[in-house]
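Only one structure is covered here, and it is reproduced in the block below.
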Amino acid sequence: MESNSKKTTGLTRPLHDLHPPAGDLLSEVLTGLTAPQKTLPCKYFYDQKGSQLFDKICELAEYYPTRTEISILDQSAREISDKVGPKITLIELGSGSSSKTENLLQKIDEVQRYVPIDISREHLMEASERIAGRFPHIEVWPICADMNEEVSLPDDIDTTSKRVLFFPGSTVGNFEHESQIAFLSRMKRLCANVGDQLLIGIDLIKDIKTLEAAYNDAEGVTSEFNLNILQRINTELGADFKIDHFIHRAVFNKVKSRIEMHLVSVTDQVVQIQEEKFQFDSNESICTEYSHKFTIDGFVQMAQPIGWELEQAWTDKDQLFAVLLLRLGEL
Ligand SMILES: C[S@@+](CC[C@H](N)C(=O)[O-])C[C@H]1O[C@@H](n2cnc3c(N)ncnc32)[C@H](O)[C@@H]1O
């Protein structure tokens, strides 16, 4: 919970480091691969290569969410600006390259302080320095933390300025339903006052063809991104996954309203990770990510009992994606 005393160039504040444990990769991988449906946690996609591949996915023709969300934010910037009001503290969860924020900050000048929170320290610092350099009038307070845990803000952050939490990218859809509720409750605990807000992007339910194409691009970038998690386990844990013995598969589960991303074993094989061996049957899969799709009404019904009330929803003309502004009605 300490603040790094070394001042970083260009930043208003040094890194507030909650030291999210890095050593959990082994235990989480072993636990995931021991379950009846083998799984790997999607947060481990984002090593340096994974983050670069994700940025590439965002540019793909088939991958509509990023460009659609950016265009909604662009077109609604004036209204967002009016609704959030002056001198806000903008807190972004899983901020990554902060590129959507950078775009938003060019259009709204209400932000006094930007608090990016990410588990990937290097990525976080690079983005924070870029934002601080580009917007010198904004205080940037980077926090390295795991958003799946309780995140404590620095003690000296004031409790009077309005807080607006920003969670774009429909990342909330990567959680299962119970965890979505838990996450929205943790977001509430990051607020200081009734009236604080949450600006959140959600991917909407649509035809299966469009949904599945977004996760099965013709160039194979999503496949490379998915398979990269095995490479990471090989590199960091000395495992012996044969990458070409697995293939990427992404399918829409209509009942659960989610894209399920898998790595499918193309043969019977055994993989060794340190002392442990894992048997894979031919066609057996490892589930690597869920990406739930929502309706605006369904999302609002989930958020309301927690205290989040819908203030405004913006969407694109094809109703592919929505950006919601929720307001905390009670603490
Ligand atoms: C897909 S990027 C999203 C970036 C940005 N918010 C956007 O919408 O473009 C996901 C980011 O979330 C971060 N992340 C993933 N799991 C996390 C966790 N448990 N806690 C904090 N950050 C996390 C990753 O490091 C990565 O930078």
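Things to note:
- Screening Lys209 on (1) surrounded by fewer than 18 Cβ atoms within 10 Å (Cβ to Cβ); (2) under 19 Å from Leu310 (Cα atoms) shows it passes everything except condition (2).
- Some residue of region 85-101 being more than 13 Å from the ligand (Cβ to nearest atom), surrounded by fewer than 19 Cβ atoms within 10 Å (Cβ to Cβ) and under 16 Å from Leu326 (Cα atoms): yes
- Test for Glu212: is it within 11 Å of the ligand (Cβ to nearest atom), part of a helix (DSSP H, G or I) and without any contact (Cβ under 8 Å) to a residue 60 or more places away in the chain: no
- Selection of first residues in region 223-239 that are touching a residue at least 40 places away in the same chain (Cβ under 8 Å) and of second residues that are surrounded by fewer than 16 Cβ atoms within 10 Å (Cβ to Cβ) and of a type in the set (Lys, Arg), restricted to Cβ pairs under 6 Å at least 6 apart or on distinct chains, gives the following pairs, ordered by first then second residue: Asn228/Lys49.
- Tally, over region 271-283, of residues that are in contact with an Asp or Glu (Cβ under 9 Å, 6 or more places away or on another chain) and either assigned to a strand (DSSP E or B) or touching a residue at least 60 places away in the same chain (Cβ under 8 Å) (or both): 5
- Any hit, region 261-272, residues being modelled with pLDDT of 95 or more, exposed (fewer than 15 other Cβ atoms within 10 Å of the Cβ) and not β-branched (Val, Ile, Thr): yes
- In region 212-259, the residues that are at positive phi and either touching a Gly at 6+ places or on another chain (Cβ under 9 Å) or surrounded by 17 or more Cβ atoms within 10 Å (Cβ to Cβ) (or both): Ser257
- Conditions (1) over 24 Å from Trp308 (Cβ atoms); (2) within 13 Å of the ligand (Cβ to nearest atom); number of the one not met by Asp118: (1)
- Beta carbons closer than 7 Å, at least 6 apart along the sequence or on distinct chains, pair a first residue in region 306-331 that is more than 21 Å from Ser179 (Cα to Cα) and at pLDDT 95 or above with a second that is surrounded by 15 or more Cβ atoms within 10 Å (Cβ to Cβ) and of a type in the set (Phe, Trp, Tyr) for Thr315/Phe321; Leu320/Tyr64.
- Residues in region 40-65 that are within 15 Å of the ligand (Cβ to nearest atom), surrounded by 14 or more Cβ atoms within 10 Å (Cβ to Cβ), of a type outside the set (Phe, Trp, Tyr) and outside any helix (DSSP H, G or I): 5 in all.
- Ile80 surrounded by 16 or more Cβ atoms within 10 Å (Cβ to Cβ) and either in a loop (DSSP other than H, G, I, E, B) or under 19 Å from the mean Cα position of the chain (by Cα) (or both): no
- Looking across region 130-172 at every residue that is among the acidic types (Asp, Glu) and closer than 27 Å to Arg258 by Cα, the one that is nearest to the ligand (Cβ to nearest atom) is identified as Asp146.
The values are calculated or read from the model by the stated rules, or taken from the named source; none is laboratory data. Note that the structure is predicted; figures quoted are calculated from it, not measured. A quick note on method: Cβ atoms are made from the backbone with ideal geometry, for glycine too, and the neighbour counts reach across all protein chains shown.
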